[in-house]
Amino acid sequence: MASQKTDYIIVGGGLAGISLALELTLRGKNLVLLDKPEPSSSSRVAAGIIHPIVPKGVRLTWMGEKIFPLIVPWYMGWENRLNASFYQPLTGYQIHPNPDTAEFWQLRSQTTEMKPWIDALSQNKLQGISSKYAHTNILHCARLDTVAFLKAAEEWLKSRIIIAKTEFKYASLKRAENQWQYGEYKADGIVFCEGIKVLENPWFQKLQFHPTAGDILTLAFDEDLPEALYKNRIWLVPDGKGKWLAGSTFHKGSLETVPLQEDAEILQEQIRTWTNITFKLINHRRGVRPTVEGRRPYLGEHSIERGIFIYNGLGSKGSSLIPWLSPMMADFLCNGIPLNKDVDINRFGL
C-alpha cells in the first residue's frame, strides 16, 4: 500500500491538539489527527475557566500581560470562522471568607500592578450571596465551553484534514528516512498532544509528569443566580445551559476517573457556606490531567529523535493559554520561530 504523505501527524484531540490543528491548517499544512476521545479527558471535563488572578498573594497569573490581550480576539475570531458560540465573557466575583482577606484584596487592588485586573473592595450585597461576605470584582474573566469548542473545531477540520478516531500505538511509529511512518501515513513530524496518555509515551519519559484528578459538579439552583464567575476557595460558573458548574477537588497522583460521593459532598458544603440559594446536584464528573514541573507547559522537539514534538502540560489554565501557545507552536513548526524559553523543553537540557 502506498503511503499517504502529510506534513504533520497530531496525536490527541483535546484543547492542545485541536487548537494546534486549527493553526496549522490556517498555515496551509496537511495534517492527520489521531484521537480516541475519552469522556474523562481533562479537556472534555474542564469547566474552561478564564481568570487572570492567582488568589494566593493576589497576583496576576503567569504571563498574564501577554496572554490576556490575545484571548478575546483569538476566540472571537474562531467563533466567526467556525460559525459557533463557545466563549462567554463573565464578571468575576472573589467572595472573601473573612475581613482580613478582604482587607488584603483591598490593599492589592490599589497597586499599579493590579488596578487593570481587579476593582476595589465592594460591600454591596450580591443577589444569592450571604450578606456577611464582602467581594472584589475581577476583570477579564470568561468561560470557554470546551466541549462546544472541540465539537465546532472538529466539524470545521474534518473537511480539511484527515481525522481518525483511533488509539495511537507507539510501537507502530517507525523512522522512514527523514520522515516518520505510522501505518499508511508518512509525515515530516509528529506532535504529541495527548494529555495524561503522555505517561505511556516512550520518547518523553525524562520529562516530569504527575497525574492529578479533579472533580466537577453540575448543579441546578432553585432560584436565579446572576451569571458570573464566583470564587471562594472553590469556583462556581454558569454552563450556558441554565445549570452551574462547581469545583474542584484535586487528587494528586490519582488516575482514578470514577468520582466519589464524599468529594461531591465536600464541594456542595463549601458552596452552602456563602450562597443562600438552595440547589440540586445534577451530575458529578472526574477528569485526570498531567501536572508538570514548575507549572509551565511542555512544548518543543525531542533532543535526539528529530521530528518528534510535544505540546502538553497546559494544566488548569489551558483555556487561557491556547490563544498564546497554539499559534506559537504552529510558528515553531512551520517557520522555526523559537518557542518562549519558559515553555521550551530545552530548558531542561534533555
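Readers should treat all values here as calculations from the given coordinates under stated rules, not as data from a laboratory. In this text the structure is predicted, and so the values were computed from the model without any measurement. Note that each Cβ is placed from the backbone with ideal geometry, even for glycine, and that neighbours are counted across all protein chains shown.
Could you tell me the calculated FRET efficiency between Phe104 and Phe250, based on Cβ-Cβ distance and R0 = 25 angstrom, to the nearest 0.05?
Efficiency, from the Cβ-Cβ distance: 0.60.
Using Cα positions and a limit of under 16 Å, work out the aspartates and glutamates in reach of Lys341, with same-chain residues fewer than 8 apart set aside.
Glu293, Glu301, Asp331
Taking θ as phi - 60°, what are the ³J(HN,Hα) couplings along the range 154-171 by the Karplus curve (6.51, -1.76, 1.60), each to the nearest whole Hz, with x for Gly and Pro?
5, 4, 5, 6, 5, 8, 10, 9, 8, 10, 10, 8, 8, 7, 7, 10, 4, 5
To the nearest 20 debye, what is the magnitude of the charge dipole of the chain about its Cα centre, counting +1 on the Cβ of each Lys and Arg and -1 on the Cβ of each Asp and Glu?
380 debye
Along the range 87-96, what does the Karplus equation 6.51 cos²θ - 1.76 cosθ + 1.60 (θ = phi - 60°) give for ³J(HN,Hα), rounded to whole Hz, x for Gly and Pro?
Whole-Hz 3J(HN,Hα) from phi for the range 87-96: 10, 10, x, 9, 6, x, 10, 8, 8, 8.
Hand me the trypsin sites (Lys or Arg not before Pro) from the range 41-137 located in a DSSP loop with no more than 15 other Cβ atoms within 10 Å, in residue order please.
Lys56, Lys125, Lys132
Which FRET efficiency value, to the nearest 0.05, is calculated for Gln181 and Phe348 with the Förster distance at 35 angstrom and r the Cβ-Cβ distance?
Taking R0 as 35 Å, the efficiency between Gln181 and Phe348 is 0.80.
Need the list of lysines near Lys165 for cross-linking: C-alpha distance under 23 angstrom, and skip anything on the same chain fewer than eight residues off.
By straight Cα distance, Lys165 reaches Lys5, Lys29, Lys36, Lys151, Lys174, Lys186, Lys197.
If amide H atoms are built 1.01 Å from N in the plane of the peptide, which residues on other chains or at least 5 residues away come under 5 Å of the amide H of Tyr93?
HN-HN under 5 Å from Tyr93: Ile138, Leu229, Tyr230, Lys231.
When the dipole is taken about the Cα centre of the range 54-144, and only Lys, Arg (+1) and Asp, Glu (-1) are charged at their Cβ, what size is it in debye, to the nearest 20?
So the dipole magnitude of the range 54-144 works out to roughly 120 debye.
With the contact rule set at Cα under 8 Å and sequence spacing of 6 or more, what percent relative contact order holds for the range 1-82? Let's see the in-between values first.
Values: 52 pairs, mean separation 18.7, N = 82.
Relative contact order of the range 1-82: 23 percent.
Which of Leu314, Leu126, Leu144 ends up with the largest GNM mean-square fluctuation for the chain, with Cα atoms connected below 10 Å?
Residue with maximal mean-square fluctuation among Leu314, Leu126, Leu144: Leu126.
In a shell of Cβ-Cβ distance under 13 Å around Gly12, excluding Gly12 itself, what net charge do Lys and Arg (+1) and Asp and Glu (-1) give? The partial results should precede the final answer.
Values: positive: Lys36, Arg44, Lys165, Lys197, Arg289; negative: Asp35, Glu38, Glu154, Glu167, Glu194, Glu200.
Neighbourhood net charge equals -1.
Between Asn283 and Lys115, what length in nm is gained on full extension when 0.36 nm per residue of separation is reduced by their alpha carbon distance?
Values: separation 168, 0.36 × 168 = 60.48 nm, distance 3.76 nm.
Full extension of this stretch gives 56.7 nm more.
If I build a Gaussian network model for the chain, linking alpha-carbon pairs within less than 10 angstrom, which residue out of Ile138, Ile282, Ile190 has the largest mean-square fluctuation?
Fluctuation is largest for Ile282.
Tell me which trypsin sites (Lys or Arg not before Pro) from the range 273-350 have a DSSP coil assignment and no more than 15 other beta carbons within 10 Å of their own. Don't skip to the answer; put the middle values down first.
Working: sites: Lys280, Arg285, Arg286, Arg295, Arg306, Lys317, Lys341, Arg347; in loops: Arg306, Lys341.
The qualifying sites are Arg306, Lys341.
Please give the residues of the range 10-25, grouped as numeric ranges, whose backbone N is less than 16 Å from a label point set 7 Å along the Cα-to-Cβ vector of Asn340.
Counting only backbone N, you get 16, 20.
Amide H to amide H under 5 Å from Thr61: which residues, 5+ apart in sequence or cross-chain, H placed 1.01 Å off N in plane?
Residues meeting the amide H criterion: Ile53, Val54.
Quote the relative contact order of the range 190-260 in percent (integer), defining contacts as alpha-carbon pairs under 8 Å separated by 6+ residues. Spell out each step's value before the answer.
Working: 84 pairs, mean separation 24.8, N = 71.
This gives 35 percent for the range 190-260.
Using a ≥ b ≥ c from the Cα gyration tensor of the chain (square roots of the eigenvalues), is it rounded, prolate or oblate, where a/c under 1.5 gives rounded and otherwise the larger of a/b and b/c decides, a/b for prolate?
Prolate shape, in that a/c is at least 1.5 and a/b is the bigger ratio.
Along the charge dipole of the chain, pointing to its positive end and built from +1/-1 on Cβ of Lys, Arg, Asp and Glu, which listed residue (Gly57, Gln127, His284) has its Cα farthest out?
Gly57
Count the lysine pairs in the range 204-286 whose Cα atoms lie under 22 Å apart, taking only pairs 8 or more positions apart in sequence or on different chains.
Pairs that pass both the separation and distance tests number 7.
Could you work out the local net charge near Thr291, counting Lys and Arg as +1, Asp and Glu as -1, over the other residues with Cβ closer than 13 Å to its Cβ?
Here the charged neighbours net out to +4.
With springs only between Cα atoms under 10 Å apart, run a GNM on the chain and tell me which of Ser303, Ser109, Ser320 wobbles the most.
Ser303
DSSP beta bridges in the chain, what fraction antiparallel, as a percent rounded to 5?
Numbers: 54 of 76 bridges.
Approximately 70 percent, going by the DSSP bridge assignments.
Amide H to amide H, which residues 5 or more places from Asn283 or on other chains are under 5 Å from it, using H placed in the peptide plane?
Here the answer is Thr218, since their amide H atoms fall under 5 Å of that of Asn283.
Karplus couplings for the range 322-331 from phi (6.51 cos²θ - 1.76 cosθ + 1.60, θ = phi - 60°), rounded to Hz, Gly and Pro as x?
Running phi through 6.51 cos²θ - 1.76 cosθ + 1.60 with θ = phi - 60° gives 5, x, 9, 6, 5, x, 4, 5, 5, 5 Hz.
Taking the chain as the reference, fit the longest principal axis to its C-alpha atoms, fit the long axis of helix 261-272 to the helix C-alpha atoms, and give the angle between the two in degrees, 0 to 90, nearest 10.
50 degrees
How high is the relative contact order of the range 54-144, given as a whole-number percent (alpha carbon pairs under 8 Å, six or more residues apart)?
Worked out over the range 54-144, it gives 34 percent.
Note down the nm distance, to one decimal, between modelled labels 7 Å out along Cα→Cβ at Asn83 and at Gln4.
Once both label points are built, they end up 2.5 nm from each other.
Under the 0.36 nm per residue contour assumption, what length would be gained going from the current alpha-carbon distance of Lys125 and Gln261 to full extension? Write down the numbers at each step before the final one.
Numbers: separation 136, 0.36 × 136 = 48.96 nm, distance 3.24 nm.
This chain segment gains 45.7 nm when fully extended.
Grab the DSSP H runs of the chain that are 4 residues or longer, score each as -39,500 (n - 2.57), total them, divide by all residues and round the 222 nm result to the nearest 500 deg cm²/dmol.
Numbers: 7 runs with 88 residues, N = 350.
The per-residue figure over the chain is -8000 deg cm²/dmol.
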